[in-house]
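Here the structure comes first, spelled out in structure tokens, and everything after it is commentary.
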Amino acid sequence: MEFLQNLFGNLSSGIIRLAVTVGILAAVYFFIVKPVLHTTENTVNSTNHTIEKSFRQTGIDTKSIEANVNKTIEEVNNQVQVQVEHSFHVAKAQGGAAKTEKLLHCIQRAHQNVHRIERCSKRYR
């Protein structure tokens, strides 16, 4: 009998401790974490609204900026492609297939990094 009383006493004590811990964690979440997250979300939304409003007031058209950026990126991509093709032709004319293979391998290792590709094309001209 005494064994069962100790067992159930320890079991109920553990359950009570667990319930108190869960209650404290829930209180911390609802009274500290949740209000901070809510305030942060409001601040971010307010900042985004302010930025959009300031763009509209200054007459800056974000769509035209985006279009210009996309156009510039396309131009740079075309220039890189032209330079790489030129480097292949020069490498093929000067060093044959071995130099072309080295250039190709170097460009593949560049992982579309424009500065690395430029370095490769200068190196194997």
Residue, modelled with the highest pLDDT, within the stretch 83-125, restricted to residues that are farther than 27 Å from I73 by Cα and either out of contact with any Lys or Arg (no Cβ under 9 Å at 6 or more places or on another chain) or not charged (D, E, K, R) (or both): E101
Of all the residues that make up the stretch 60-119, how many are within 30 Å of T50 (Cα to Cα) and either among the hydroxyl-bearing types (S, T, Y) or touching an Asp or Glu at 6+ places or on another chain (Cβ under 7 Å) (or both)? 3
Any residue in the stretch 46-54 that is at negative phi, exposed (fewer than 12 other Cβ atoms within 10 Å of the Cβ), more than 25 Å from the chain's Cα centre (by Cα) and modelled with pLDDT under 80? yes
It is to be established whether one or more residues within the stretch 71-83 are assigned to a loop (DSSP other than H, G, I, E, B) and of a type outside the set (G, A, S). no
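Being free of Cβ contacts under 8 Å to residues at least 12 places away in the same chain and among the small types (G, A, S) is the filter here, so list the residues in the stretch 91-115 that pass it. If you could, list the steps in order and put the result at the bottom.
Kept after step one, since they are free of Cβ contacts under 8 Å to residues at least 12 places away in the same chain, are these residues of the stretch 91-115: 92-93, 96-98, 101, 105, 108-113, 115.
Correct list: A93, G96, A97, A98, A110.
In this structure, is T58 at pLDDT below 80 and at negative phi? Walk me through how you get there before you give the answer.
Values: at pLDDT below 80: yes; at negative phi: yes.
Yes; evaluated as a whole, the condition is true for this residue.
The values are calculated or read from the model by the stated rules, or taken from the named source; none is laboratory data. This is a predicted model, so every value here is computed, not measured. Ideal geometry is used to build each Cβ from the backbone, glycine not excepted, and the neighbour counts take in all protein chains shown.
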